[in-house]
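These notes are about the structure you will find just below.
The values are calculated or read from the model by the stated rules, or taken from the named source; none is laboratory data. None of the values given here were measured: they were computed from a predicted structure. Neighbour counts run over all protein chains shown; Cβ positions are idealised from the backbone, glycine included.
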Amino acid sequence: MIPNILSLLVFLPLAGAIVLLLIPRENKNVIRSMAVGTSLLALVLSVAVWSAFDRTVSGMQMGESYPWIDFGIVQIDYALGIDGLSLPLLLLTTIISTVAIVASFTIRERVKEYYVWTLVLITGMLGVFAALDLFLFFLFFELTLIPMFFIIGIWGGKKRSYASFKFLLYTGLGSAVMFMAFIALAFKGADAMNLASATFNMVGLAEAFSNPSNSEAISSTFKAGLFLALLVGFAVKLPIFPLHTWLPDAYAEAPIPATMILAGVLSKLGAYGILRVGYGILPDQAVSFATLIAILGVINIIYGASLALVQTDLRKLIAYASISHMGIILLGAASFTQAGVQGAIFQMVSHGLITALLFFMAGALYVRTKTYTLSELGGLAKSVPVLTGFMLAAALASLGLPGMSGFVSELLAFMGIFGASPDVIPQATVIAVIGALGIILTAAYLLWAVQRTAFGQMDDKYRGLHDARPLEYVPMIGLLGASILIGVFPHLLSDVINSTVIEFVSRIGG
Amino acid sequence: MLQNAWIIPFFPLIAFIVLLLFGKVLKPYAPYVGMVALGFSFVASVVVLVERMGTETFGAAVEWITIGESTVTMGFEVTPLNAMMLFVVTSVSFLVHVFSKQYMREDDRIHVFYAYLGLFSFSMLGLVLAPNILQLFIFWELVGLCSFLLVGFWYFKPEAAAAAKKAFLVTRIGDVGLLIGLILLFNATGSFEYGAAFEAINNGQVSSGLVTAIALCIFLGAVGKSAQFPLHVWLPDAMEGPTPVSALIHAATMVAAGVYLVAVMYPVFQSSGTALTVVAYTGAVTAIFAASIALVNTDIKRILAYSTVSQLGLMMLALGTAGYVAGLFHLMTHAFFKGLLFLAAGSVIYALHHRQNINEMGGIWRNMKVTSVTFLIGALALAGVFPLAGFWSKEGVLAAVWSHGDPVLLSIMIITSFLTAFYMFRLFFKVFLGQFRGDPEVSHPRENTKWMTVPLVTLAALAVVAGVVNSPLSGYALEGFLVEGLTLGDQAHGGIGLAALSLFLSGAGILLAWVKYGRSQAVGTEHSKGFIKTLLVNKYYMDELYEAVVVTPVLALSRVLQRFDRFAVDGTVNVVARSLRSVGKAAGKQHNGQMQTYGLVTIVGSIAILVVAFMVRGYFG
Amino acid sequence: MVSIQFFLALAAILFCIGLYGVLTRRHLVVVLICIELMLNAVNINLVAFSSIGPFANITGQVFTLFVITVAAAEAAVGLAILIALYRNRASIDAIKQDLLRW
């Protein structure tokens, strides 16, 4: 086992970015292959982490911790570590990053900058999932923001400047709320533990806040406020209704590979944050807000699905579908059952893979037809059968067809919410049934989208389009294959998650 | 072989994968790939069925997922019920594979067609072999997918694409019910496995209200898949698919999966009287409802489709009135004779170059002897004429309803039997007798090749003899086989009286059809234009009703939400952004670039700060 | 012995005159000269405290020398900037210089 493998994994893309800076901008092919090579290396490293991971341990593993900044009143550590919650997301990040970088061959302008920003972004995402110190977590969280801002703003579509600023300001505002909550957590935690200096260590804070003997030092109203602040901060990223309106603009304007990362991984940062920080440090408050979270989840499901039903732009449709699917994460997480929490993690991975694939397919069709407008498409199954076949497969995966990962996560999440204890969520069955109606709507809009693009009469101008190119098979087969693998053999994933989930739920229940 | 029964679904799966990857190369041989795979499956199924008759139920499972402290497994199980189903599915599927070679000959995507057929056979066999309801659900969805793909096989036709979507969505409504049902079952009993779950229910671990809820949710799934009222609307539209598909999926196997589901979950339904009543009434209403629409329809495939809906209703009715064996027996015989009818109809349609309107047919008997005779056998079997398969199975259903004793159900059953015979022979007379009324171009259709006629003859033979297995002639052998290991009440058997009643109904229906359509050789148009006729022709306006009650409101609501999203939610965001920006603009105006103004402001500001600081510190007293 | 208040008053008056000039004169050379006035006001204060302040010592006078040096340098740099400005914009009128506008 390589020492400090997590640091190596997290900073490898950054190192790649620095090397890229040294290559002259004219050598586009060298730059591309360097970027692909870096992301592949990260993928290999994360697979190594995956195989070295001890499935029987529920706590943090492969930890690294060094004192980093000492202001006297504040102590910040450089601490990394992973458990069953973060490991699948690390692997998801490297998979999505690799296919997104491969899919970036459509980017033709300012190639060097593009790959540099993308690699920096990858370091940010990996760092968030590996960080065990809230301050470090926040730094990485923000590190994802800046590159994405530039990627949308420079390589985006027509309304790119509006979309990128909306993205930056919206998520920046969320981060501000979140950071205030972090600071309050650190100082209150230090008070409660009688420490001389505030600590941002997540594991320590979790103990400080859940220890009943500290209940006098920290009032429960204060903790509730903290939890709400965290929820709002992460809700922007997830996003949760009504803080979602940056998303359709950003998803629709970002270049396709960036959208794949945005939808595939960045939205999971919010969900991960809620689980890791919100549930991890303030479990009791999480339980008391469970009904709220479940209702927000159902609203997300139904609201996103309804809006997806009336979209006329393929990318916006997928964007709203994405909002709808985020609701399932919330539902599963809110249930506080083993099945539900596991379903939430499954859904994070599954949605990452499937939505990235959907966006990739939309982009591949756009490259050929030059339009995302559904009414202008149609009958493409005739000219590009392989692409539309994968598009159909992606849509089916997204609507939760068994045999693919979406089904497993929906099943687990709904098993969770139906089985939620009445003490946690009083009217769980009602919420669950309303959420289940979303499944029907999901099928409706996805099949409608497929029908409008692939089926029906083909316009003559689409005759003789080039079907899938070899390079396009990499993202298509990679993402769909991963989704099917999880769908057919879910224990590959559940084995890794399970002990963490058991411990997680017992902490909340016990 | 029982230990290796899991291999049966994998033959077609291999065919699917091979055709998916190498379809373009293998195109001329695609039918053979499919046939060989199904041939192996069929042989294996026969071996399994024979072997199962002599031994115990065998099952095996592997871990699928670990959820916290509980583990969910996947595997297979060979019970009498699924051994029978294996035989039905593989035999019909094999014959359809053979039939399609000719039927789909001219299609450029024949390899895709056979790939889909392979995937369907895999899924259907997997559904049948499933030892737990979760696995059943997984394959249940996959057969729905295959149905979607095959109905929409001619995707460039807008009707086919729309029908495919409709089929998927309507059954999806039922599927959500089933999903909820199985989740409730798991949460209540701690297991998806049939045996463990039934044991928990029989031990009274689950409250009776919850059992009813579970049973009804599961039944909702069956309603969707088996096209029961009110979720039947997708099946007639699904006739847009190629006819062999209609025969295999939408007549013989997949649509029967709903009946199979109720049969598999029978212990749950038995624990809830309400659920059984709901099953019986849904089946009865569906049976008479669909039969009445079939009376006036003019599309040869849609008439058969409504007939299928009606017959599936009868199966549900049988299950709901404690006729467990009768329902399954009817499922089996129906698979054979309805598969036969569809394939024979396909033979006619193929010979007429894809014309389906029965008003434009007639006199086919003279030109297509084999097709006509086999169709007649199928029609007689469906009408329940002695001694064909349909007679025995329908009599079983009638006996179950009779002994159940509900007069409403009984009268519906009697009327439906009569209507069935009538619409089938209306169809037969209009298509096969009289003069040809259609396009002169195809006025002399020729009998099709052996690829088509051999499956017809084989199915006709099955439609003749299959009834014997559960008749007094064999001492109700099927019943003895199926009830093993189950605690059922006595299965009702009809006596001579019921048989006579059944025969009388069939005869009356055929006679009336003869009087109206056969004797007079009536030309296509049917005169009466009464209210009832209009209602029937428009299928009771069910599609319009759904359009008005479900589709339009959902879309309208979505549009309202869309506005809300754009103007209220995003509007708020933009208003906040804009007001902040205008504050900035206003402040920006003050910065005129005059350094002397800046200096003045700086000085005044510094002095003000000093003054305030002094006041706060108290230097001014 | 003249009391320190007189020196301070003189310096304050001189400072205010300079300040007034800086804030109101349109000719930038005059503005520069006014800045010199303000610096000299500071110098007077420094020298006054250095000789008759409560903690009289030599540091104040040393600082005055520094200030004079810096002022000379500043005048040189300022005039250079003014010449550059004049070449660029053909005017050294303070009101016309609005490059600070955002």
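In the list B:GLY68, B:GLY126, which residue meets the criterion of being at positive phi and within 14 Å of chain A (Cβ to nearest Cβ)?
Being at positive phi and within 14 Å of chain A (Cβ to nearest Cβ) holds for just one of B:GLY68, B:GLY126, which is B:GLY68.
Modelled with pLDDT under 90 and out of contact with any Ser or Thr (no Cβ under 9 Å at 6 or more places or on another chain): is that true of A:GLY278 in this structure?
Yes; evaluated as a whole, the condition is true for this residue.
Which pairs have Cβ atoms under 7 Å, sit 6 or more apart or on different chains, and link a residue in the stretch A:202-222 that is farther than 10 Å from A:LEU282 by Cα to one that is part of a loop (DSSP other than H, G, I, E, B) and at pLDDT 80 or above?
These pairs meet every condition: A:MET202/A:LEU132; A:VAL203/A:MET60; A:VAL203/A:LEU132.
Does the stretch A:4-14 contain at least one residue that is surrounded by fewer than 14 Cβ atoms within 10 Å (Cβ to Cβ) and either touching an Asp or Glu at 6+ places or on another chain (Cβ under 8 Å) or closer than 29 Å to A:GLY270 by Cβ (or both)?
Looking through the stretch A:4-14, at least one residue is surrounded by fewer than 14 Cβ atoms within 10 Å (Cβ to Cβ) and either touching an Asp or Glu at 6+ places or on another chain (Cβ under 8 Å) or closer than 29 Å to A:GLY270 by Cβ (or both).
For a quick check of your reading of the model, give me the residue pairs whose first member lies in the stretch B:181-192 and is at the interface with chain A (Cβ under 9 Å from one of its Cβ atoms), whose second is surrounded by fewer than 20 Cβ atoms within 10 Å (Cβ to Cβ), with beta-carbon atoms closer than 8 Å and at least 6 apart or on different chains.
B:LEU184/B:LEU210
Would you check which residues across the stretch A:213-258 are part of a helix (DSSP H, G or I), acidic (Asp, Glu) and away from chain B (no Cβ under 14 Å) and list them?
A:GLU253
Going by what's in this entry, would B:LYS165 be described as at the interface with chain A (Cβ under 10 Å from one of its Cβ atoms), among the basic types (Lys, Arg) and surrounded by fewer than 24 Cβ atoms within 10 Å (Cβ to Cβ)?
Answer is yes for this residue.
Which residue pairs have Cβ atoms under 7 Å apart, sit 6 or more places apart or on different chains, and have a first residue in the stretch A:419-439 that is over 21 Å from A:SER324 (Cβ atoms) and a second that is surrounded by fewer than 21 Cβ atoms within 10 Å (Cβ to Cβ)?
A:GLY419/B:ASN187; A:VAL424/A:VAL287; A:PRO426/A:THR291
Based on this model, can you work out whether A:THR291 counts as of a type in the set (S, T, N, Q), surrounded by fewer than 24 Cβ atoms within 10 Å (Cβ to Cβ), out of contact with any Ser or Thr (no Cβ under 7 Å at 6 or more places or on another chain) and assigned to a helix (DSSP H, G or I)?
For A:THR291, the condition - of a type in the set (S, T, N, Q), surrounded by fewer than 24 Cβ atoms within 10 Å (Cβ to Cβ), out of contact with any Ser or Thr (no Cβ under 7 Å at 6 or more places or on another chain) and assigned to a helix (DSSP H, G or I) - is met.
Please list, ordered by residue number, the helices (runs of 4 or more DSSP H) wholly in the stretch A:377-482 having 2 or more residues that are at the interface with another protein chain (Cβ under 9 Å from one of its Cβ atoms) and modelled with pLDDT of 90 or more.
A:385-398, A:405-418, A:428-454
Considering only residues that are crowded, with 18+ Cβ neighbours inside 10 Å and away from every other protein chain (no Cβ under 12 Å), which ones fall in the stretch C:15-35?
Passing the criteria: only C:LEU32.
Being touching a residue at least 60 places away in the same chain (Cβ under 8 Å) and either in a loop (DSSP other than H, G, I, E, B) or in contact with a His (Cβ under 6 Å, 6 or more places away or on another chain) (or both) is the filter here, so list the residues in the stretch B:387-411 that pass it.
B:PRO387, B:LEU388, B:SER393, B:VAL397, B:ALA399, B:ASP406
Being in contact with an Asp or Glu (Cβ under 8 Å, 6 or more places away or on another chain) and either more than 30 Å from B:ILE377 (Cα to Cα) or part of a helix (DSSP H, G or I) (or both) narrows it down to one residue among B:ALA499, B:ALA568, B:ALA577, B:ALA556; which is it?
B:ALA499
So, A:GLY172, is that one part of a loop (DSSP other than H, G, I, E, B) and surrounded by fewer than 23 Cβ atoms within 10 Å (Cβ to Cβ) or not?
Answer is no for this residue.
When you scan the stretch B:551-562, do you find a residue that is of a type in the set (Lys, Arg), modelled with pLDDT of 85 or more and exposed (fewer than 12 other Cβ atoms within 10 Å of the Cβ), even just one?
No, the stretch B:551-562 has no match at all.
Hey, could you check the stretch B:71-95 for residues that are in contact with an Asp or Glu (Cβ under 7 Å, 6 or more places away or on another chain) and in contact (Cβ under 8 Å) with a residue 40 or more places away in the chain and say which is farthest from the other protein chains (Cβ to nearest Cβ)?
Once the filter is applied, the top-ranked residue is B:PRO80.
Looking only at helices (runs of 4 or more DSSP H) that lie completely in the stretch B:121-211, which have at least 3 residues being over 28 Å from B:ALA252 (Cβ atoms) and either more than 16 Å from the chain's Cα centre (by Cα) or not aromatic (Phe, Trp, Tyr) (or both)?
Where helices (runs of 4 or more DSSP H) fall fully within the stretch B:121-211 and carry at least 3 residues being over 28 Å from B:ALA252 (Cβ atoms) and either more than 16 Å from the chain's Cα centre (by Cα) or not aromatic (Phe, Trp, Tyr) (or both), they are B:158-189, B:194-202.
When the residues of the stretch C:55-102 are narrowed to those that are β-branched (Val, Ile, Thr) and within 14 Å of chain B (Cβ to nearest Cβ), which ends up surrounded by the most Cβ atoms within 10 Å (Cβ to Cβ)?
My answer is C:ILE92.
Write out, first by first residue and then by second, each pair whose Cβ atoms fall under 8 Å of each other, whose residues are 6+ apart or on separate chains, and whose first residue, in the stretch B:145-169, is assigned by TED's automatic domain parsing to the domain that holds B:VAL554 and of a type in the set (Asp, Glu) while the second is at pLDDT 90 or above and surrounded by 24 or more Cβ atoms within 10 Å (Cβ to Cβ).
none
Looking at B:LEU210, B:LEU145 in this structure, which one is within 11 Å of chain A (Cβ to nearest Cβ) and within 19 Å of B:THR274 (Cβ to Cβ)?
The match here is B:LEU210.
Evaluate the following for A:VAL232: is it modelled with pLDDT of 90 or more, β-branched (Val, Ile, Thr) and farther than 28 Å from A:PHE71 by Cα?
Considered against the rule, which asks whether it is modelled with pLDDT of 90 or more, β-branched (Val, Ile, Thr) and farther than 28 Å from A:PHE71 by Cα, A:VAL232 comes out as yes.
Yes or no, residue by residue, for (1) closer than 14 Å to B:LEU380 by Cα; (2) not hydroxyl-bearing (Ser, Thr, Tyr):
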site	(1), (2)
B:THR420	yes, no
B:TYR423	yes, no
B:ARG426	yes, yes
B:LYS430	no, yes
B:GLY438	no, yes
B:MET452	no, yes
B:THR458	no, no
B:GLY475	no, yes
B:GLY485	no, yes
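Of all residues being polar (S, T, N, Q) and touching a strand residue (DSSP E or B) at 6+ places or on another chain (Cβ under 6 Å) in the stretch A:451-510, which is nearest to A:LEU412 (Cα to Cα)? Just the residue, please.
So, considering only residues that are polar (S, T, N, Q) and touching a strand residue (DSSP E or B) at 6+ places or on another chain (Cβ under 6 Å), the one nearest to A:LEU412 (Cα to Cα) is A:SER494.
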